[in-house]
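See below for the structure under consideration.
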Amino acid sequence: MDWKQLWQILSAADNVPIIAMIPLLAFYIYLAGRQAFANDKLIADLSANPALAKTHHRRTWPFRPGWQKEVHVWPFLLRVEFLAAIIVTIILMVWSITLNAPLEEPANPNLTMNPAKAPWYFLGLQEMLVYFDPWIAGVVMPTLIIIGLMVIPYIDTNPLGSGYYTWKQRKFAISTFLFGFVILWVSMIFIGTFIRGPGWQWFWPGQTWDHNRLIYEVNRDLPDLLGITSNLWKGIFGAIVVGGYFVIGGLIVNGLFRRYNPKDYKRMSLLQYSIMMTFFLIMVALPIKILIRLLFHIKYLWITPWFNI
Amino acid sequence: MSRLLTRLKGKNSRAEENGGVTMADENKGNGNNGKPGGLLTRVTAGVKEDVEALKTDLPAKAKEQIEILSKPTKTQLYTSIFRHKHDDTPRNRALGVLSNVFLHLHPAKVNRDAVRYSYTWGMGGITFYLFFVLTLTGVLLMFYYHPSKVQAFRDVLYLEHDVPYGKLLRNMHRWAAHLMVIAVELHMFRVFLTGSYKKPREFNWTVGVILLVLTLLLSFTGYLLPDDQLGFWAVTVGTNMARATPLLGHEGPFGPQFGMTPYNDVRFGLLGGSIVDANALLRSYIWHCIGIPIIASVFMILHFWRVRKDGGISGPAQVVLDSEVKEAKK
């Protein structure tokens with residue numbers, strides 16, 4: 001256990017934000033979860049008791065008949081905002097006094113940094129470079145993430161859970177988002193920040209960063225493993241594999257979605273459903289590709305003269 | 001010349017003919033048009049009268065003035081700035097928000113539970129506040145920074161070691177930027193978990209996604225500016241991906257077939273060259289300080305305006321039961 005190395009990584013000034021973000025995220029997931037379960041309990045109670053549903057004020061926060069439903073912004077909201085601004089300022093001041101912004105040597109194109117890392121919020125994408133070619137990891141994937149986020153309101157046809165925390169009414173939406181945000185985005189950033197060392201190799205926390213370490217890792221392509229030699233057949237084979245993933249994966253997801261989410265299935269138009277399917281399958285393909293790489297040392301599935309996947 | 005002189009002389013001699021009375025004398029004594037008493041006596045009488053009047057008027061006016069100043073909220077200056085009273089009435093509370101340009105983004109009243117921290121987490125407001133802090137510290141940093149290869153790194157050293165509070169300034173800008181990225185992501189997380197993107201707020205969610213991207217780009221363009229190894233290699237790694245853009249990058253799928261070379265592809269456009277150098281520094285500076293902030297401001301205006309127009313903060317709303325959903329007829 002190399003404590004010094006661990007401390008060096010943890011105390012690197014630019015890594016502090018991601019260290020701060022993980023407990024923050026954990027806290028807010030807890031905060032959201034607590035409210036979601038309280039609301040779910042309320043929903044269950046009200047569903048079981050229609051008479052109560054007609055009279056209840058339908059929030060988990062206390063409310064008495066004499067109370068006003070709305071309060072004045074001045075001062076009730078403004079004082080909260082003012083306090084928040086002061087607290088953020090104090091945090092920022094203390095942080096800025098105690099921790100200096102990083103400044104390395106002057107830029108030198110002849111002296112490559114090893115590891116050369118992007119800012120922490122892009123390390124998830126940089127980590128993807130291990131598993132995908134740059135055009136996918138660096139261009140297509142960010143574009144798909146942005147578009148995928150933008151289409152969410154237009155493909156989520158579930159009218160429930162608007163304006164309150166809930167889990168039971170939106171299981172599919174919330175678990176998908178948690179998967180994308182926490183598992184794919186944040187934990188990939190975590191790996192890129194704390195695990196990846198020189199040569200972008202995997203170093204467990206506390207393992208010394210050995211700049212001369214060599215890893216004998218033979219990654220092969222799936223067509224080569226299966227003994228396909230001609231370029232034409234490699235291309236056709238890959239298209240079948242990737243296309244097969246989307247067809248078979250689509251059928252599986254469709255089967256599950258129909259059964260466990262029948263109302264949304266009924267509500268969604270063909271366009272909404274196919275967009276949802278496409279983004280969902282692409283998102284799920286990421287961890288699958290990572291597993292294929294880590295477990296079977298397979299680099300590419302689909303090889304063409306122009307691009308490889 | 002000699003003619004002019006004689007003319008002047010002529011004028012003087014005419015004055016002497018009037019009994020040696022010059023213009024100045026005329027004004028002093030004989031300007032009363034022949035009325036009796038003389039100007040001097042009249043002026044003294046007038047001054048005396050004024051002084052007498054002042055003796056009574058001045059204390060009266062002073063008293064009046066003190067009375068006015070003792071109620072500063074009644075002065076013209078005050079009422080011209082503040083258009084309404086501030087005693088604690090519901091009307092004035094509402095007007096305090098509605099008649100103030102900086103506060104009028106708020107409604108007069110909000111859902112009583114929306115004030116609780118546990119629902120909104122305050123992350124949107126904190127993001128905006130951090131943008132404000134970043135603008136302030138950023139402008140101050142601009143006073144000390146030249147976006148050129150010769151000076152950039154030295155300016156940062158100068159800031160860190162010689163400029164009063166320069167280190168604090170730079171640190172605050174850096175950490176506020178990182179904090180803003182965290183706050184934006186948590187804001188998006190909260191909006192998702194509360195289903196706040198649902199009807200009628202769909203469009204504002206997409207605006208929010210654009211703002212998220214702009215925040216990341218703002219942070220990323222600033223990364224290069226110290227012109228140190230960290231920024232240089234981060235931006236090199238980042239923009240190398242642009243080489244691989246399909247169709248538009250010279251190493252991307254179908255890029256070469258599309259006529260892309262290192263000197264005309266999308267990466268060249270981003271960097272203003274085929275390597276990260278002086279042009280890249282300048283471009284990054286201009287995007288960071290001018291381009292993206294303006295674009296982001298426009299989207300922020302849109303975002304905040306839509307929050308109000310789409311019905312304000314989404315909740316905490318009343319829970320809806322599954323059995324109460326009315327299915328749209330198809």
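Assorted remarks:
- If you go through region B:207-224 and keep only what is of a type outside the set (Gly, Ala, Ser) and closer than 13 Å to B:GLY291 by Cα, you end up with B:LEU214, B:THR215, B:LEU217, B:LEU218, B:THR221.
- Any hit, region B:198-208, residues being touching a helix residue (DSSP H, G or I) at 6+ places or on another chain (Cβ under 8 Å), farther than 30 Å from A:GLY33 by Cα and aliphatic (A, V, I, L, M): no
- Taking the criterion of being β-branched (Val, Ile, Thr) and more than 7 Å from chain B (Cβ to nearest Cβ), the residues of region A:73-95 that qualify are A:ILE86, A:ILE87, A:THR89, A:ILE90, A:ILE91, A:VAL94.
One line per residue, one yes/no per condition, for (1) in contact with a helix residue (DSSP H, G or I) (Cβ under 7 Å, 6 or more places away or on another chain); (2) surrounded by fewer than 21 Cβ atoms within 10 Å (Cβ to Cβ); (3) at the interface with chain A (Cβ under 7 Å from one of its Cβ atoms):
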{"site": "B:LYS85", "(1), (2), (3)": "yes, yes, no"}
{"site": "B:VAL101", "(1), (2), (3)": "no, yes, no"}
{"site": "B:HIS104", "(1), (2), (3)": "yes, yes, no"}
{"site": "B:ALA108", "(1), (2), (3)": "yes, yes, yes"}
{"site": "B:VAL139", "(1), (2), (3)": "no, yes, no"}
{"site": "B:GLY166", "(1), (2), (3)": "yes, yes, no"}
{"site": "B:LEU169", "(1), (2), (3)": "yes, no, no"}
{"site": "B:ARG174", "(1), (2), (3)": "no, no, yes"}
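- Pairs with Cβ under 8 Å, 6+ apart, first in region B:163-174 and of a type in the set (Gly, Ala, Ser), second assigned to a loop (DSSP other than H, G, I, E, B): B:GLY166/B:TYR144
- Selection status of A:SER162, more than 20 Å from B:ILE182 (Cα to Cα), at the interface with chain B (Cβ under 8 Å from one of its Cβ atoms) and among the small types (Gly, Ala, Ser): yes
- Residue within region A:302-309 that is over 30 Å from A:SER230 (Cβ atoms) and under 23 Å from the mean Cα position of the chain (by Cα) present: no
- Checked against the criterion of being in contact (Cβ under 8 Å) with a residue 24 or more places away in the chain and under 30 Å from A:LYS263 (Cα atoms), the candidates A:VAL182, A:VAL218, A:VAL186 yield just one match: A:VAL182.
Bear in mind that the values in this text are calculations on the coordinates, not laboratory data. Quick caveat: nothing in here was measured; it's all calculated off a predicted structure. All Cβ positions, even for glycine, are placed from backbone atoms using ideal geometry, and neighbour counts span all protein chains on display.
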